[in-house]
Amino acid sequence: MGFFDDFSRFFQTSTTSPLPHRLNGRHDAIIARNAARLAGKRVLDIASHDGRWSFAALKAGAAHVTGIEPRQSLVDNARQTFEHYGIASDAYALHTGDAFEFLRKREFDVVLCLGYFYHTIRHAELLDLIERTGAGFIVIDTEITAPQDALPDVDSTDPRLVFGNPYGIQLVRDQVEDQQMAFPDALTRNGYTLAGRTSRAAIRYMADHFGFRTDEFDWPAHFREHPEQRSAMVDYDEGWRSTFYLDRR
Ligand SMILES: C[S@@+](CC[C@H](N)C(=O)[O-])C[C@H]1O[C@@H](n2cnc3c(N)ncnc32)[C@H](O)[C@@H]1O
């Protein structure tokens, strides 16, 4: 039994991998490990979807959560689920809109950026806006460059590394009508917009630039303990998705 087995509406309110093993495994990395960091905090949930992580943050003791999600039907689902499970209405605010527009001039203690960092090409701008919220702790759960494509990390302080630069961003295109992809934006042409899958090293590099230390969930160790979750989490298991923790220095 995992967290979401007690709140099984979340298995129906989204078509974006609402698999029990997957949601429960992600809960361990995103919420359970960070319960002390979330307790009593004002939390922003970027790409809040059907409210799964806003809800879990509240259950972990967050003082207030704010969700930002552009797809109205998902925001409606989140509202209905929160009401269904009796969450006090003054504990949350679920906004419909674009993360970049929303983030300007807002203050939060913790920012969750889950399943979104690879649905934008504006990574640095997003981290800049998050840093400006004053948040001391950020969780980024995202696809990253696959191990077979990754360049070895370098021990260099050169700010303009020319050879063997591991801080890459792989270009991909998102079909904007798909619920789990980027929402239509200014870069959209013919039903697709541009997005980028960063390398692990690029996340660390950008986090460092904006004044954060980076740590990472140990997914291999997690799967040794929970082999039953592997097949629902192939991206994490094969190492092309991970969960990062950014602490303000
Ligand atoms: C793969 S889902 C991730 C859902 C959830 N955060 C999770 O990790 O399980 C990507 C989400 O990003 C949302 N999204 C797309 N463009 C966005 C934007 N410009 N601002 C905020 N959210 C956006 C999508 O509507 C979708 O709900």
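The values are calculated or read from the model by the stated rules, or taken from the named source; none is laboratory data. Since the model is a prediction, treat every value here as computed from it, not as a measurement. Glycine gets a Cβ as well: all are built from the backbone with ideal geometry, and neighbour counts include every protein chain shown. Calculation scope for accessible area: heavy atoms of the full protein, side chains included, ligands and nucleic acids excluded. Shrake-Rupley method; radii C 1.70, N 1.55, O 1.52, S 1.80 Å.
The set of residues in segment 29-44 that are away from the ligand (no atom under 15 Å from the Cβ) and of a type in the set (G, A, S) comprises A32, A35, A36, A39, G40.
Is it true that Y118 is of a type in the set (S, T, Y) and over 20 Å from I31 (Cα atoms)? Give the steps one after another, and end with the answer.
Numbers: of a type in the set (S, T, Y): yes; over 20 Å from I31 (Cα atoms): yes.
Yes, satisfied.
Screening segment 1-17 for residues that are in contact (Cβ under 8 Å) with a residue 60 or more places away in the chain and not in a loop (DSSP other than H, G, I, E, B) and picking the one that is farthest from R241 (Cα to Cα) gives R9. For A207, state whether it is among the aliphatic types (A, V, I, L, M), open to solvent by less than 40 Å² (accessible area, probe 1.4 Å) and closer than 30 Å to D28 by Cβ. When the stated conditions are applied, A207 passes them.
With segment 137-242 as the region, which helices (runs of 4 or more DSSP H) entirely inside it contain at least 2 residues that are among the acidic types (D, E) and closer than 27 Å to L23 by Cα?
Values: elements: 200-209, 219-225, 234-237.
Passing ranges, in order: 234-237.
If you go through segment 75-105 and keep only what is open to solvent by 40 Å² or more (accessible area, probe 1.4 Å), part of a loop (DSSP other than H, G, I, E, B), modelled with pLDDT of 95 or more and not hydroxyl-bearing (S, T, Y), you end up with G86, A88, D98.
Restricting the first member to segment 170-183 and to residues that are more than 12 Å from the ligand (Cβ to nearest atom), and the second to residues that are open to solvent by 50 Å² or more (accessible area, probe 1.4 Å) and basic (K, R), the beta-carbon pairs closer than 6 Å and six or more apart or on different chains are Q170/R197; V172/R197. Taken together, the residues in segment 79-102 that are within 10 Å of the ligand (Cβ to nearest atom) and in contact (Cβ under 8 Å) with a residue 40 or more places away in the chain amount to 2. Residues in segment 5-28 that are within 11 Å of the ligand (Cβ to nearest atom) and touching a Phe, Trp or Tyr at 6+ places or on another chain (Cβ under 6 Å): F10, P18, L23, H27. Select from segment 18-47 the residues that are open to solvent by 10 Å² or more (accessible area, probe 1.4 Å) and part of a loop (DSSP other than H, G, I, E, B) and write down the one among them that is farthest from I130 (Cα to Cα). Looking at the filtered set, the residue picked out is L19. Inside segment 112-132, residues that are more than 12 Å from the ligand (Cβ to nearest atom) and within 15 Å of S48 (Cβ to Cβ) make up a count of 1. Return a yes/no flag: does segment 143-154 have any residue that is free of Cβ contacts under 8 Å to residues at least 12 places away in the same chain and under 24 Å from E238 (Cα atoms). Checking segment 143-154: at least one residue is free of Cβ contacts under 8 Å to residues at least 12 places away in the same chain and under 24 Å from E238 (Cα atoms).
Which one of A62, A47 is touching a helix residue (DSSP H, G or I) at 6+ places or on another chain (Cβ under 7 Å) and within 14 Å of the ligand (Cβ to nearest atom)?
Details: A62 fails: within 14 Å of the ligand (Cβ to nearest atom).
When all the criteria are applied, what remains is A47.
One line per residue, one yes/no per condition, for (1) open to solvent by less than 50 Å² (accessible area, probe 1.4 Å); (2) over 18 Å from the mean Cα position of the chain (by Cα); (3) within 13 Å of F117 (Cα to Cα):
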position: T133; (1), (2), (3): yes, no, no
position: I138; (1), (2), (3): yes, no, yes
position: D149; (1), (2), (3): no, yes, no
position: D185; (1), (2), (3): no, yes, no
position: T188; (1), (2), (3): yes, yes, no
position: D218; (1), (2), (3): no, no, no
position: E238; (1), (2), (3): no, yes, no
position: F244; (1), (2), (3): yes, no, yes
